[in-house]
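Worksheet: one structure, shown below.
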Amino acid sequence: MTTVNANRDRRFSLLISSVCVLFLLGVSQIATIHAAPRRPKPDANASREAFLQVYKVFTSPRCQNCHPPGDAPLQGDDSHVHLQNVKRGKDGLGVYGMRCNTCHQSANLLGEHMPPGSPKWLLPSPDHKMVFVGRSAAQLCRQLNDAKQTGGRSLQQLLEHVSSDALVGWAWNPGTGRTPPPLSHSETVAQMKIWIDGGAACPQ
């Protein structure tokens with residue numbers, strides 16, 4: 001009987017130990033979950049404020065000159081109609097012998113006031129002009145939220161466009177003799193992310 005009782009006591013002790021270990025593991029997991037930092041909920045106010053910052057860039061000549069309401073691009077810091085009678089064309093790349101890449105090469109040409117360049121130099125297509133000129137902050141915000149007006153582009157795709165290195169080459173390059181946008185490229189991308197992460201809220 002002594003041996004039987006001893007074995008039973010050992011099994012009981014092992015069972016109690018196992019239960020204690022499982023309990024402690026459970027408590028540890030719960031503590032970890034509660035201690036983990038929670039991702040803050042999107043802040044609509046911060047989102048709206050961020051868009052107002054991005055709006056300054058979108059309506060600067062470096063951006064809005066390629067987003068006119070008409071079928072001719074704009075140019076210069078005063079956003080005058082492009083010389084040489086340049087037109088948008090069916091694909092946004094110009095017409096006939098006046099294609100955009102005739103003058104706008106894959107990179108900026110050397111020299112002050114020489115044509116800036118980019119591998120994808122074009123205007124939005126005539127079906128989705130993506131007009132920036134004359135839009136209020138609220139109007140432009142709603143437009144960018146509307147896939148019907150952006151040619152089906154998502155907010156993430158718009159962010160990728162703003163983030164692209166090709167865009168930096170001409171829009172933020174001080175060597176072209178043109179005024180750069182009011183925010184740096186990194187600041188613009190950061191504010192764009194805040195706007196999107198906060199629900200792409202629009203100012204009133």
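Where a number appears in this text, it was derived from the coordinates with a stated rule and is not lab data. All values derive from a computational prediction rather than experimental measurement. Note that we place each Cβ from the backbone using ideal geometry, even for glycine, and neighbour counts take in every protein chain shown.
Observations
- Alpha-carbon radius of gyration plus Dmax, which is the widest Cα pair, for the range 52-134 in Å: 12.4, 39
- Across LYS56/LYS90; LYS56/LYS129; LYS90/LYS148; LYS87/LYS129, pairs whose alpha-carbon gap is larger than 22 Å: LYS56/LYS90
- Taking the range 108-130 and a reference point 7 angstrom along Cα→Cβ of ASP91, the backbone N atoms nearer than 18 Å belong to 118-129.
- Within the shell defined by Cβ-Cβ distances under 13 Å, the residues around GLN53 carry a net charge of +1, with Lys and Arg each +1 and Asp and Glu each -1.
- Within the shell of other residues whose beta carbon sits under 15 angstrom from the beta carbon of SER163, the net charge comes to -1, with Lys and Arg scored +1 and Asp and Glu -1.
- For PRO126, the shell of other residues with beta-carbons less than 13 Å away shows a net charge of +1, using +1 for Lys and Arg and -1 for Asp and Glu.
- Set of aspartates and glutamates near LYS120 by C-alpha distance (under 13 Å), chain-local residues within fewer than 8 positions excluded: ASP91, ASP165
- Of every Cα-Cα pair in the range 78-199, the percent that sits beyond 18 Å: 61 percent
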